[in-house]
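A.B. asks: Shown below is the structure under consideration.
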Amino acid sequence: MDVATLMLIAYRAMDERVIAAMREAGYDVTVAQARLAQRIAEGGSRLVDLAEQAQVTKQTASMLVAALEQKGLVERVPDPTDGRARLIRFTDEGQAAADHARELVMGVEQEWNEHLGPRLASSLREALTSLRELVDPYR
């Protein structure tokens, strides 16, 4: 099996576990909504930036943001640097959901680290970080 497929399997396993746990905690989010939400910057993000980073169309990003708005997880606010633009940012409930998701991710990573052991876990993180420098324009 090629390396990209192996990475995809691990990525999807993480997604499935986190989404299931989020739903159990009362946050009814889809994988697509979660993938977009995880890209929201601390001070908020413009829709066009979220779409680009999530590699979806602006229209798709807009629909995902609208669904997250309806759930009370995000809000659109004026961009203080550009009066014509709006920022998408977490509401208090949305920030709580994002914090919960981050804790869940850290828990799964801890399980993986224990399974791999310190040397392999460290090597994996180092290798993936190095690969990201090659392929990720948003780092």
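A.B. asks: So for the pair ALA66, VAL3, with labels modelled 7 Å out along Cα→Cβ, what separation do we get in nm?
C.D. replies: 4.1
A.B. asks: Please state the charge dipole magnitude for the chain, taken about the Cα centre, from unit charges on C-beta atoms (+1 on K and R, -1 on D and E), reported in debye and rounded to the nearest 20.
C.D. replies: Rounded to the nearest 20 debye, it is 360 debye.
A.B. asks: Could you compute the net charge surrounding THR91? Neighbours are other residues with a C-beta less than 12 Å from the C-beta of THR91; K and R count +1, D and E count -1. Could the numbers behind the result be given before it?
C.D. replies: Values: positive: LYS71, ARG76, ARG89; negative: GLU69, GLU75, ASP92, GLU93.
Its environment carries a net charge of -1.
A.B. asks: Sticking with this one: Using DSSP H assignments, which helices in the chain have an axial alpha-carbon span of 30 Å or above and a mean Kyte-Doolittle hydropathy of 0.5 or higher?
C.D. replies: On the way: long enough: 3-24 (32 Å, 0.62); 92-116 (36 Å, -0.90).
The qualifying helices are 3-24.
A.B. asks: Residues of the stretch 20-38 with backbone nitrogen within less than 17 Å of a virtual label 7 Å along the Cα-to-Cβ line of VAL105, please, listed as ranges.
C.D. replies: 20-23, 29-38
A.B. asks: Modelled label-to-label distance, ASP79 and ALA10, 7 Å Cα→beta-carbon offset: nm?
C.D. replies: That separation, rounded to one decimal, is 3.5 nm.
A.B. asks: Shifting gears a bit: Going by how many other Cβ atoms sit within 10 Å of their own, how do ASP79, ASP28 line up, fewest first?
C.D. replies: Placing the least packed residue first, the sequence is ASP28, ASP79.
A.B. asks: Would you mind calculating the gained length between HIS115 and GLN55 on full extension (0.36 nm times residue separation, minus the Cα-Cα distance), in nm to one decimal?
C.D. replies: Going from the current span to full extension adds 18.4 nm.
A.B. asks: What 222 nm value per residue comes from the helices of the chain, counting each DSSP H run with n ≥ 4 as -39,500 (n - 2.57) and dividing by all residues, nearest 500 deg cm²/dmol?
C.D. replies: Details: 6 runs with 93 residues, N = 139.
That comes out to -22000 deg cm²/dmol.
A.B. asks: Next up: Please label the shape of the stretch 53-139 as rounded, prolate or oblate, based on the square roots a ≥ b ≥ c of the eigenvalues of the alpha-carbon gyration tensor (a/c under 1.5 means rounded; beyond that, a/b larger than b/c means prolate, else oblate). All intermediate terms of the calculation are to be shown ahead of the outcome.
C.D. replies: Details: a/c = 2.86, a/b = 1.76, b/c = 1.62.
In terms of gyration-tensor shape, prolate.
A.B. asks: Farthest toward the dipole's positive end in the stretch 3-135, which of GLY83, GLY107, MET7, given Cβ charges of +1 (Lys, Arg) and -1 (Asp, Glu) about the Cα centre?
C.D. replies: Going by the charge dipole, the pick is GLY83.
A.B. asks: Another one. What's the local net charge at SER45, with K and R +1, D and E -1, over the other residues with C-beta under 9 Å away? Working shown, then result.
C.D. replies: Numbers: positive: ARG39, ARG46, ARG89; negative: ASP49.
Spelling it out: positives minus negatives among the neighbours equals +2.
A.B. asks: For LEU124 and ALA20, calculate 0.36 nm times their separation in residues minus their Cα-Cα distance, and state this gained length in nm to one decimal.
C.D. replies: Gain on extension, LEU124 to ALA20, equals 34.9 nm.
All of the numbers you see were taken from the coordinates with simple rules; none came from a lab. Computed from a prediction, not measured in an experiment: that's the story for all the values here. Neighbour counts run over all protein chains shown; Cβ positions are idealised from the backbone, glycine included.
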